[in-house]
């Protein structure tokens with residue numbers, strides 16, 4: 001009788017399901033997948049950058065001006081002011097007239113430091129309330145008033161025009177608006193100008209102008225000649241270099257030099273292309289407003305791949 005082979009204790013292996021549809025993850029395949037994703041991300045970033053419209057930038061340029069070509073400035077300002085003013089008992093029936101005569105009219109052609117200018121006129125006086133206030137036993141009533149005023153408010157750097165009314169070797173005197181005094185000292189006279197003395201100037205006993213003791217003095221000392229050979233007379237342009245107020249009077253100092261005129265600022269918009277993407281040896285990916293580096297991006301991918309592997313094993 002033939003002997004049978006001894007039974008083996010090894011159990012037969014279980015048959016595994018075919019894994020034709022299951023992808024086997026290897027290090028080389030992971031690297032290839034990451035490189036492919038990076039290429040796609042880089043291509044999408046380049047396309048996005050190329051589609052971004054050019055942005056406009058504003059640049060400020062300074063341009064040198066001359067007295068002959070620059071526009072004349074406007075030193076007049078129209079503004080509305082409010083003040084708490086007393087009303088005299090004599091004007092209880094006509095408070096508008098009282099405010100005008102006692103408080104507004106005295107301001108005309110005087111420099112007001114609170115307004116930083118000379119009041120030229122006032123109009124449209126209005127009261128904030130229909131009733132005035134009386135404080136204690138004072139016979140005066142008080143009320144808030146609103147009035148519109150026109151101010152002469154020159155500033156340093158403005159280009160104005162004045163009429164020459166006085167000349168001397170050391171200065172040129174002018175009037176602005178036939179009211180305000182303007183003095184151009186020797187420092188504000190261009191180097192190309194020349195002083196031409198009056199050869200007919202004399203002192204004698206005959207003439208139109210008599211001084212003390214009947215001595216006649218010719219008031220015309222000479223004249224200034226500009227670089228073009230023209231006499232400096234009549235209406236002349238000047239640059240305001242100083243504004244002086246004293247005792248309610250306003251006076252100006254000026255210059256005939258082009259270099260004292262401030263440069264004009266011009267704002268221009270210039271378009272420029274979007275900056276190219278910097279290649280600094282590291283790729284970045286923006287996710288929910290946060291930028292991830294290569295290392296962080298790879299770690300995120302690995303975590304995601306591990307989760308997918310666990311899901312596949314559970315499905316098997």
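Any read-out appearing in this document is the output of simple, stated calculations on the displayed coordinates, not a laboratory observation. Given the structure is predicted, the values throughout are model-derived calculations rather than measurements. Every residue, glycine among them, receives a Cβ derived from its backbone with ideal geometry; neighbour counts consider all protein chains shown.
Counting beta carbons within 10 Å around each of 246, 161 and listing the fewest first gives the order 246, 161. Measuring r between the beta carbons of residue 179 and residue 144 and using R0 = 30 Å, the FRET efficiency lands at 0.45. The largest-to-smallest principal axis extents of the Cα set in segment 76-152 are 40, 20, 20 Å.
Quick one: order 174, 221 by neighbouring beta-carbon count within 10 Å, fewest to most. Before the final figure, lay out each step's value.
On the way: 174 24, 221 14.
The fewest-first ordering by Cβ neighbours comes to 221, 174.
With 10 angstrom as the radius, rank 145, 135 by how many other C-beta atoms surround their C-beta, starting from the fewest. Let's see the in-between values first.
Numbers: 145 21, 135 9.
Ascending number of Cβ neighbours within 10 Å: 135, 145.
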